[in-house]
1. If only one of E45, E27, E54 is more than 17 Å from S240 (Cβ to Cβ) and among the charged types (D, E, K, R), which one is it?
2. Looking at this structure, is E122 of a type in the set (D, E, K, R), touching a Lys or Arg at 6+ places or on another chain (Cβ under 6 Å) and at pLDDT 95 or above?
3. Go through (1) in contact with a helix residue (DSSP H, G or I) (Cβ under 9 Å, 6 or more places away or on another chain); (2) more than 24 Å from T206 (Cβ to Cβ) and name the single condition L69 misses.
4. What pairs can you find where one residue is in the stretch 35-62 and touching a residue at least 12 places away in the same chain (Cβ under 8 Å) and over 19 Å from E205 (Cβ atoms), the other is in a loop (DSSP other than H, G, I, E, B) and charged (D, E, K, R), and their Cβ atoms are less than 9 Å apart, with a gap of 6+ or different chains?
5. Does K292 qualify as being of a type outside the set (F, W, Y) and not in a helix (DSSP H, G or I)?
6. So if I check each of Y356, Y330, which one is surrounded by 18 or more Cβ atoms within 10 Å (Cβ to Cβ), under 24 Å from N254 (Cα atoms) and not β-branched (V, I, T)?
7. For D65, are the conditions met, namely being assigned by TED's automatic domain parsing to the domain that holds D196, assigned to a helix (DSSP H, G or I) and either within 19 Å of the chain's Cα centre (by Cα) or within 25 Å of I286 (Cα to Cα) (or both)?
8. State the number of residues belonging to the stretch 251-270 that are surrounded by fewer than 18 Cβ atoms within 10 Å (Cβ to Cβ) and in contact with a Lys or Arg (Cβ under 9 Å, 6 or more places away or on another chain).
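The values are calculated or read from the model by the stated rules, or taken from the named source; none is laboratory data. Everything numeric in this text was worked out from a predicted model, so none of it was measured. Using ideal geometry, Cβ is built from the backbone for each residue, glycine included, and neighbour counts are taken over all protein chains shown.
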Amino acid sequence: MSRTRIPYENLKLLNKSFENDFKNKFENFLNSGWYILGNEVAEFEKEFAEYHNEKFVVGVANGLDALILALKCCNFKKGDEVIVPSNTYIASILSILQCDLVPVFVEPKLDTYNIDPDKINEAITSKTVAVMVVHLYGQCCDMLPIKSIADKHNLKIIEDCAQAHGAKYKNQLAGTFGEFGCFSFYPTKNLGALGDAGAIICKSETDYIKLRQLRNYGSEKKYHNGIIGYNSRLDEVQASFLRVKLPYLNDINNHKRKLAKIYDDNLSSEFIKPKVNTEFDNVYHIYNIRHKKRDEIKSFLAENNIDTEIHYPVAPHKQKALLSLNNLSYPISEEIHTTTLSLPCSFAHTEEDIYYVVETLNKFNC
């Protein structure tokens with residue numbers, strides 16, 4: 001008898017343990033009669049701020065909007081440049097383009113997949129206004145040298161924390177290093193909603209007030225619009241679900257770390273595994289390996305009832321949507337995109353699941 005298929009992710013199973021609390025929250029939501037920017041959003045913002053030991057959090061509709069509104073809050077001029085890693089998910093780049101700014105790609109380090117601080121200086125010009133760091137796959141960027149560069153050149157730091165809920169660098173949480181920490185709560189994230197949702201951590205009360213206006217038509221007081229804004233409000237019911245799961249975020253992260261360690265300790269050295277560094281507290285939103293036979297491995301695992309994903313199959317500068325950048329060459333990014341494979345590593349997976357993946361993968365003829 002063949003083994004039960006191991007999905008890459010099973011959201012229904014992942015959320016099963018929270019189901020009763022979700023139902024209670026939804027009933028309270030219905031009974032409240034208040035569906036937009038109510039108590040649940042306000043309380044989630046407070047609790048998410050407390051988790052990060054910060055004062056100011058603004059809930060928004062999704063992670064892309066979090067990045068866009070953070071950039072808008074900075075009042076950059078059209079044509080200003082924002083440094084961004086060349087291998088990030090396209091949302092990071094779309095946020096820059098949506099704000100009429102210019103993305104300037106910097107290659108990542110091949111062993112961490114995060115932006116290489118040593119390459120940032122050479123990308124800075126008189127038009128550079130910010131560095132958008134992306135804590136990819138659940139591991140923080142090397143923030144100490146990045147902050148030093150940003151301070152020296154008076155650049156804003158905007159953190160894309162969509163994959164790094166609870167991740168730490170030198171015991172400091174992702175999202176607390178720069179002027180803005182931008183989060184997605186897409187359902188597959190370590191802290192996932194049951195739909196789209198996002199939030200922004202900011203450092204100053206001035207930015208906090210402006211972000212609250214930007215998300216709500218430019219209004220802080222109903223029918224009084226002080227600035228040109230958007231409609232990007234964290235949904236009240238999604239906020240209520242996030243409040244259920246937030247107290248368990250550390251448990252979710254620890255479970256994923258436990259699964260990642262099984263891979264680390266048992267997977268053949270033929271596969272390039274994530275680099276482990278004690279100064280970086282990885283939360284393994286994604287556990288990726290790299291291999292030149294990536295596509296063959298993916299097919300081999302599928303034949304053995306194991307689903308995988310590729311994050312991401314196409315480098316951003318090779319996307320059709322970014323046609324004007326297609327002629328550029330970023331060899332490190334391109335190598336990552338053609339060799340990376342994401343293995344099952346979810347709160348819904350068991351240790352038995354992961355041992356089976358390891359056992360199967362080690363049989364692949366490299």
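1. Numbers: E45 fails: more than 17 Å from S240 (Cβ to Cβ); E27 fails: more than 17 Å from S240 (Cβ to Cβ).
Exactly one of E45, E27, E54 is more than 17 Å from S240 (Cβ to Cβ) and among the charged types (D, E, K, R), namely E54.
2. The answer is no for E122.
3. Unmet for L69, out of (1) in contact with a helix residue (DSSP H, G or I) (Cβ under 9 Å, 6 or more places away or on another chain); (2) more than 24 Å from T206 (Cβ to Cβ): (2).
4. As it stands, the answer is I36/R233; A61/D196; A61/R215; A61/R233; N62/D196, since those pairs meet every condition given.
5. Working: of a type outside the set (F, W, Y): yes; not in a helix (DSSP H, G or I): yes.
Taking the combined requirement at face value, the residue satisfies it.
6. That would be Y356, the only listed residue that is surrounded by 18 or more Cβ atoms within 10 Å (Cβ to Cβ), under 24 Å from N254 (Cα atoms) and not β-branched (V, I, T).
7. It is true that D65 is assigned by TED's automatic domain parsing to the domain that holds D196, assigned to a helix (DSSP H, G or I) and either within 19 Å of the chain's Cα centre (by Cα) or within 25 Å of I286 (Cα to Cα) (or both).
8. Matching residues across the stretch 251-270 total 1.
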